[in-house]
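Heads up: the structure comes next, in structure tokens.
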Amino acid sequence: MADPMRIRAALAGDETTVRVLMAHIMEPGTRKDAAGALIPAHFIQDVEATSNGKSVLKAMFSGSVSQNPFLSFKFKGGAKGDKVVVKWSDNKGDSRSDEATIG
Amino acid sequence: MKKAMALRQIFVAATLTAGVLGGAHAQDASADAIAKYREMLADGNPAELFEMKGEELWKQKRGPKKASLEQCDLGKGPGVIDGALLELPKYFADTGRIQDLETRLITCMETLQGFNGEELLNTSYGKDESKNMIALVTYIATASKGKRFNVSQAHEQERNMYEVGKRLFFMRSGPHDFSCATCHGQDGKRIRLQDLPNLTTNPGDGVGFAAWPAYRVSNGQLWTMQKRLNDCYRQQRFPEPKFGSDATLALSIYMGVNAKGAESAIPALKR
């Protein structure tokens with residue numbers, strides 16, 4: 001199973017800032033190893049963030065996103081104590097879901 | 001790789017702007033641009049991922065003996081990680097030798113969890129069990145963030161190691177006739193746009209010895225001090241020292257004692 005994400009969510013005014021660090025190799029599929037063989041692609045494809053069950057962000061990633069990606073976004077309508085859940089799934093069918101409480 | 005390219009673009013942009021303003025200014029402006037870039041990245045330092053993983057591993061029952069590392073004595077008593085890094089490497093009476101964080105951790109994994117210590121020492125960096133060790137090192141080291149280094153010189157072996165480290169630091173050899181001091185023996189030197197800390201004295205807070213382990217953006221790896229030293233030797237075209245060898249411990253003691261009082265910026269973020 002994939003390693004956990006680190007999620008922080010903070011409310012300022014009416015905006016909630018969410019910062020997510022994902023642990024992923026993000027192999028683009030274009031690189032070659034020392035023997036000249038192509039390294040198979042392995043990257044996050046879909047990211048979805050929900051707050052109290054409501055979708056607040058949907059993103060499509062590709063192999064051009066860096067290793068261990070960092071994602072920061074803001075949304076309105078969050079309240080202190082709400083749960084923010086972030087879920088990603090990659091092109092090999094692996095997925096990971098973690099949550100944080102808005103502080 | 002990708003971030004490295006982005007960084008290069010920042011370099012180019014900064015150099016172009018600065019070029020118009022004048023030569024001497026160019027270096028400062030580029031250094032500023034790098035500082036800004038680091039600041040932007042520091043908000044999401046991926047070292048935190050290693051730290052989280054390390055924390056889990058520290059408490060997890062693993063190895064042939066199915067034990068956690070929570071009773072591991074890193075020099076400040078069993079299970080104390082707070083400030084442990086700041087006093088390492090040091091002499092440990094139970095093993096009868098100088099150990100740094102990595103080698104001490106291997107001792108714990110051997111005695112508490114039943115791993116094969118010799119095998120752990122010989123695992124290539126970042127492979128198999130070494131991956132877990134890097135995470136553990138990051139977790140333990142992060143517990144000392146913002147505190148000041150105080151590497152001991154109380155034991156005779158520690159003083160001997162300092163002397164050995166000092167000599168190694170200034171020993172010129174290899175095809176380039178290099179020593180550590182060639183790059184790190186004076187103030188205000190740089191390689192391309194990277195400032196080089198002077199490691200013969202205290203280089204200041206959060207640089208040199210006080211900045212490793214660190215996450216390297218250019219290759220997405222977390223480097224411990226052992227790996228950093230190994231790579232210094234590789235860059236000098238020396239034969240690379242073995243993981244946990246006396247040479248690396250001696251150099252660590254030399255740099256650690258020199259950096260007495262420097263504030264730890266660990267885990268740092270590097271190019």
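The values are calculated or read from the model by the stated rules, or taken from the named source; none is laboratory data. On a predicted model such as this, the values are computed, not experimentally measured, just so you know. Using ideal geometry, Cβ is built from the backbone for each residue, glycine included, and neighbour counts are taken over all protein chains shown.
Quick rundown of the values:
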item	result
Any chance B:Lys227 is basic (Lys, Arg), surrounded by 17 or more Cβ atoms within 10 Å (Cβ to Cβ) and either touching a residue at least 12 places away in the same chain (Cβ under 8 Å) or not assigned by TED's automatic domain parsing to the domain that holds B:Leu74 (or both)	yes
Test: B:Ile81 is in contact with a helix residue (DSSP H, G or I) (Cβ under 8 Å, 6 or more places away or on another chain), β-branched (Val, Ile, Thr) and not in a loop (DSSP other than H, G, I, E, B)	no
Residue check for B:Gln186: modelled with pLDDT of 90 or more and assigned by TED's automatic domain parsing to the domain that holds B:Met255	yes
Test: residue in the stretch A:4-20 that is assigned to a loop (DSSP other than H, G, I, E, B), surrounded by 14 or more Cβ atoms within 10 Å (Cβ to Cβ) and free of Cβ contacts under 8 Å to residues at least 60 places away in the same chain	no
Qualifying residue in the stretch A:82-99 (condition: within 11 Å of chain B (Cβ to nearest Cβ), over 25 Å from A:Gly29 (Cα atoms) and either touching a residue at least 60 places away in the same chain (Cβ under 8 Å) or hydrophobic (A, V, I, L, M, F, W, C) (or both))	yes
Within the stretch B:79-91, considering residues that are of a type outside the set (Asp, Glu) and farther than 21 Å from B:Ser68 by Cα, the one surrounded by the fewest Cβ atoms within 10 Å (Cβ to Cβ)	B:Tyr91
Meets criteria (in a loop (DSSP other than H, G, I, E, B), at positive phi and more than 14 Å from the chain's Cα centre (by Cα)) for A:Gly103	no
Condition met for B:Arg97 (touching a helix residue (DSSP H, G or I) at 6+ places or on another chain (Cβ under 9 Å) and under 20 Å from B:Ala259 (Cβ atoms))	no
